[in-house]
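What follows is a single structure, written as structure tokens, with notes after it.
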Amino acid sequence: MEEGRRGIVATVFSTASAVGKTLIAINMAAELVREGYHVCLVDLDLQFGDVANYLHLEAEYSLADAQREAKTNTEGFDVKKFLTVYGYQGWSFYVLPAPFALEEAYNISTPAVQHILQQLQLDFDFVVVDTTSAFSEMNLAVMDMSTIITFLGIVDFIPTIKNMKIGCDTIRSLGYEANKIRIVLNRSNSKTKIDLADVEQLLGEPFYHVLPNAFEPARKSIQTGVPLVYSSTNALSTELRALVERYTNRTSSHESSSSGVSSWFKKIFN
Ligand SMILES: Nc1ncnc2c1ncn2[C@@H]1O[C@H](COP(=O)(O)OP(=O)(O)OP(=O)(O)O)[C@@H](O)[C@H]1O
Ligand SMILES: [Mg+2]
């Protein structure tokens with residue numbers, strides 16, 4: 001580990017449930033690996049985390065175990081011990097799953113999560129974080145630490161759009177630099193009578209990227225435990241790859257990332 005190296009925290013957030021945060025976080029991690037980065041995916045949906053399920057992982061340890069060890073063994077704490085490897089055809093990334101039991105989730109503290117993420121930043125180029133749809137103390141602390149926040153929305157019902165608007169305004173009020181927040185529309189072509197242009201006008205900016213609705217590939221990915229960007233070529237996997245490529249300004253190369261994250265990305269987002 002080089003002195004002073006710090007991985008990028010890339011958080012996926014939304015103000016509504018079931019908009020695709022977990023699916024997109026998994027594919028973001030998977031695609032970053034395809035681009036040659038060393039990646040850890042952290043599940044901060046503490047109570048109902050789905051990352052391990054979606055990837056069919058049988059994890060031995062969770063965030064709760066990592067927190068326990070960090071508290072009791074401050075000097076010797078090594079977060080890597082608590083990670084589970086996901087591998088597919090030569091690509092691999094690490095996962096820190098959400099607590100296995102509901103009562104463990106209650107005991108996760110924000111400072112412990114901050115500490116664990118900081119430790120992961122020392123070892124990985126990217127720490128991708130899946131969250132819940134809430135402006136909780138923990139999510140805000142993680143957003144503070146993030147270099148980039150993918151603010152995911154779907155346009156289905158008026159209340160979802162209202163909450164997206166509240167979320168956008170709230171995140172803007174936090175005073176982050178504009179580049180930090182990327183409003184991404186998911187399931188764009190799902191049936192709705194709401195005009196996207198109207199939504200963009202309401203939000204005050206256009207969607208940074210648009211991900212299409214692809215029910216069958218998304219379902220199959222969860223059923224098989226293989227990220228879309230690894231297993232299939234369809235409109236959704238193509239746009240997921242394109243989104244990550246826009247973030248990193250790189251094309252898939254499989255090259256070693258031992259030199260760390262591209263300076264372009266650091267310059268833009270740090
Ligand atoms: N672009 C898409 N096209 C079709 N289905 C999608 C798409 N994105 C996500 N889905 C599906 O929507 C469902 C919810 O996705 P996901 O679990 O990732 O959402 P979430 O925001 O993490 O939900 P939660 O708030 O409960 O954590 C899943 O069944 C997933 O396969
Ligand atoms: Mg989720």
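Pairing each residue of segment 178-189 that is closer than 16 Å to Phe13 by Cβ and modelled with pLDDT of 95 or more with any residue that is among the polar types (S, T, N, Q) and not in a loop (DSSP other than H, G, I, E, B), provided the two are 6+ apart or on different chains, yields C-beta distances under 6 Å for Arg182/Thr150; Val184/Thr150. Being touching a helix residue (DSSP H, G or I) at 6+ places or on another chain (Cβ under 7 Å), touching a residue at least 60 places away in the same chain (Cβ under 8 Å) and on the phi < 0 side of the Ramachandran plot is a description that does not apply to Asn163.
Going by the structure shown, is Glu31 closer than 24 Å to His209 by Cα and either of a type in the set (D, E, K, R) or away from ligand 1 (no atom under 16 Å from the Cβ) (or both)? So Glu31 fits the description; yes.
Does Ala52 satisfy the criteria of being within 16 Å of the chain's Cα centre (by Cα), farther than 19 Å from Thr248 by Cα and within 13 Å of ligand 1 (Cβ to nearest atom)? Yes, satisfied.
For Phe100, the requirement of being aromatic (Phe, Trp, Tyr), surrounded by 14 or more Cβ atoms within 10 Å (Cβ to Cβ), over 15 Å from the mean Cα position of the chain (by Cα) and more than 25 Å from Arg246 (Cβ to Cβ) is met. The set of residues from segment 55-88 being crowded, with 22+ Cβ neighbours inside 10 Å and within 15 Å of ligand 1 (Cβ to nearest atom) comprises just one member, Leu55.
Does Leu46 satisfy the condition of being surrounded by 24 or more Cβ atoms within 10 Å (Cβ to Cβ), within 16 Å of ligand 2 (Cβ to nearest atom) and at pLDDT 95 or above?
Details: surrounded by 24 or more Cβ atoms within 10 Å (Cβ to Cβ): no; within 16 Å of ligand 2 (Cβ to nearest atom): yes; at pLDDT 95 or above: yes.
So Leu46 does not fit the description; no.
Select from segment 214-229 the residues that are more than 13 Å from Val51 (Cα to Cα) and open to solvent by less than 50 Å² (accessible area, probe 1.4 Å) and write down the one among them that is nearest to ligand 2 (Cβ to nearest atom). Only one residue fits best here, namely Ala218.
Is it the case, given these coordinates, that Ser109 is at pLDDT 95 or above, touching a helix residue (DSSP H, G or I) at 6+ places or on another chain (Cβ under 8 Å), closer than 22 Å to Phe207 by Cα and open to solvent by less than 60 Å² (accessible area, probe 1.4 Å)? Considered against the rule, which asks whether it is at pLDDT 95 or above, touching a helix residue (DSSP H, G or I) at 6+ places or on another chain (Cβ under 8 Å), closer than 22 Å to Phe207 by Cα and open to solvent by less than 60 Å² (accessible area, probe 1.4 Å), Ser109 comes out as no. The condition (being in contact with a helix residue (DSSP H, G or I) (Cβ under 6 Å, 6 or more places away or on another chain) and within 13 Å of ligand 1 (Cβ to nearest atom)) is satisfied by just one residue among Ala25, Ala16: Ala16. From the list Arg187, Arg172, Arg182, the lone residue that is within 16 Å of ligand 2 (Cβ to nearest atom), of a type outside the set (S, T, N, Q) and open to solvent by 20 Å² or more (accessible area, probe 1.4 Å) is Arg187.
Scan segment 74-86 and give yes if some residue there is modelled with pLDDT under 95 and among the hydroxyl-bearing types (Ser, Thr, Tyr), otherwise no. Yes, some residue in segment 74-86 is modelled with pLDDT under 95 and among the hydroxyl-bearing types (Ser, Thr, Tyr). The helices (runs of 4 or more DSSP H) located wholly in segment 3-80 that include 2 or more residues which are touching a strand residue (DSSP E or B) at 6+ places or on another chain (Cβ under 8 Å) and of a type in the set (Gly, Ala, Ser) occupy 21-34.
The values are calculated or read from the model by the stated rules, or taken from the named source; none is laboratory data. Since this is a predicted model, take the numbers as computed values, not measurements. Here the Cβ is made from the backbone with ideal geometry for all residues, glycine too, and neighbour counts use every protein chain on show. Heads up: the accessible areas ignore ligands, DNA and RNA and are worked out on the full protein's heavy atoms, side chains in. Shrake-Rupley method; radii C 1.70, N 1.55, O 1.52, S 1.80 Å.
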